[in-house]
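The values are calculated or read from the model by the stated rules, or taken from the named source; none is laboratory data. Everything numeric in this text was worked out from a predicted model, so none of it was measured. As a convention, Cβ positions derive from the backbone with ideal geometry for all residues, glycine included, and neighbour counts pool all protein chains shown.
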Amino acid sequence: MYSHLVYAIISGEGVKHMQAERLSIDQLPTSERFDRWDDEINSMPWPSHLAIDSPEHLHTLSDRLDLGALRLFRLAQPPAAAMGTPPRGAAGDPDQYHLVLPLQGEVTLGDSTRSRVFTPGDMFLADTSRRPVFHADVPRAHQHPDVVPSALVALRLQIPKELVPLPTDLMDSLVDTPLRQHNVFGLTLSRLLVDLLRHPAGFSAAQGHRLSGVLLELLTGMLGSQTSEDATAEGTNDGLFVRVQEFIQQRLGDPELTPAQVAAEHHISRRHLQRLFQQRGITVAASIRQQRLERACCDLTAPHLATYPISAIAARWGFRHAADFSRAFRKAYGVAPSDFRLARTGSRCGP
């Protein structure tokens, strides 16, 4: 059977701490390892076929850390492990992005006609609805000839699409491409992801939820920086969009936040501000509303806010009236806030 190593469950005065689960198949007979790991791969949010060049060298490890609506994985598996389109009917959520960071070895995304190679130091975003095909390997030049082949090691952050406050067409343009991370957002994000799995018992469930918000902020900032850097190359507005987004994110709880206030704060006209957002496929007001709803989604799934009234969550993120929040939420996600909370947490707190 798999060995489950729980780093921390209960600590102090009944405070529930984040639980990191480690799955290993090394205790199984060699003949059973491949089937067990194949089953494990197909139970993950990005199910895939698995092909191993040397099943006798199959030593794998999977660490998983739940962070509110986000999940962080660290996978260690053999070289020459080909991951492809999953079998029909396999599990998996088509409404997710996966942020992938190779730590050892390389990942080739695509097929023989069109592919990209990602190595340690790279970062890329995958869309599970596209059923990406990739090949994981550790080049022979990186291995000692007299030892068992090294494992490929990678981090993968699972992110529900509805929590990313950026236009779909912008996200589509960033999928399966190398992400520039040599800025404060990308460098901080990659370092934090590594550290979270290195010290998983150092924070409570409530702190884990707040960490998920930090990760989303860093991810949004990093992806926004891709846009601003591209805009610079094209001679358009460079860092202005990122500064505007930072201003908005810091004031989402203020019901008085308006496009006019945002424009005035940055000494530009409302027309200039609208054009800045329209270049990215969204209006200023829609961006503010989308980000408020995303923060509300996080709060609705937070264990430490399970008894917090939905109306209070709405007010916390700048919605003056609970009815307006419910209508906007249902329009965006196709479900009432109370039903969303019940499905994610099993709790239905009053309005």
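Name the strands (runs of 3 or more DSSP E) wholly within the range 54-123 that hold at least 2 residues that are modelled with pLDDT under 65 and in contact with a strand residue (DSSP E or B) (Cβ under 9 Å, 6 or more places away or on another chain)?
Once the strands (runs of 3 or more DSSP E) in the range 54-123 are filtered for at least 2 residues that are modelled with pLDDT under 65 and in contact with a strand residue (DSSP E or B) (Cβ under 9 Å, 6 or more places away or on another chain), what remains is 81-83.
Can you work out which of the residues in the range 276-289 that are within 15 Å of Ala260 (Cβ to Cβ) and not polar (S, T, N, Q) is surrounded by the fewest Cβ atoms within 10 Å (Cβ to Cβ)?
This residue is Ala285.
Could you check the range 179-193 and list, in sequence order, the residues that are assigned to a helix (DSSP H, G or I) and either modelled with pLDDT under 75 or surrounded by 13 or more Cβ atoms within 10 Å (Cβ to Cβ) (or both)?
Listed by number, the residues that qualify are Phe185, Gly186, Leu187, Thr188, Leu189, Ser190, Leu192, Leu193.
Please go through the range 254-276 and give me each residue that is more than 30 Å from Ile310 (Cα to Cα) and either free of Cβ contacts under 8 Å to residues at least 24 places away in the same chain or outside any loop (DSSP other than H, G, I, E, B) (or both), ordered by number.
Ala263, Ala264, Glu265, His267, Ser269, Arg270, Arg271, His272, Leu273, Gln274, Arg275, Leu276
Does Ala343 fit the bill of being touching a helix residue (DSSP H, G or I) at 6+ places or on another chain (Cβ under 8 Å), surrounded by fewer than 16 Cβ atoms within 10 Å (Cβ to Cβ) and in a helix (DSSP H, G or I)?
no
Report, by residue number, each residue of the range 197-212 that is modelled with pLDDT under 85 and either farther than 19 Å from Thr301 by Cβ or part of a helix (DSSP H, G or I) (or both).
The answer is Leu197, Arg198, His199, Pro200, Ala201, Gly202, Ala205, Ala206, Gln207, Gly208, His209, Arg210.
Condition check ((1) over 21 Å from Leu342 (Cα atoms); (2) modelled with pLDDT of 90 or more) across all residues:
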residue: Gln278; (1), (2): yes, no
residue: Gln291; (1), (2): yes, no
residue: Asp299; (1), (2): no, no
residue: Trp317; (1), (2): no, yes
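Consider Ala136 against the criteria (1) surrounded by 20 or more Cβ atoms within 10 Å (Cβ to Cβ); (2) within 25 Å of Lys161 (Cβ to Cβ); (3) modelled with pLDDT of 65 or more: it satisfies all of them except one. Which criterion is unmet?
With (1) surrounded by 20 or more Cβ atoms within 10 Å (Cβ to Cβ); (2) within 25 Å of Lys161 (Cβ to Cβ); (3) modelled with pLDDT of 65 or more applied to Ala136, the lone miss is (3).
Count, please, the residues in the range 291-324 that happen to be touching a Leu at 6+ places or on another chain (Cβ under 8 Å) and assigned to a helix (DSSP H, G or I).
Adding up the residues that qualify gives 9.
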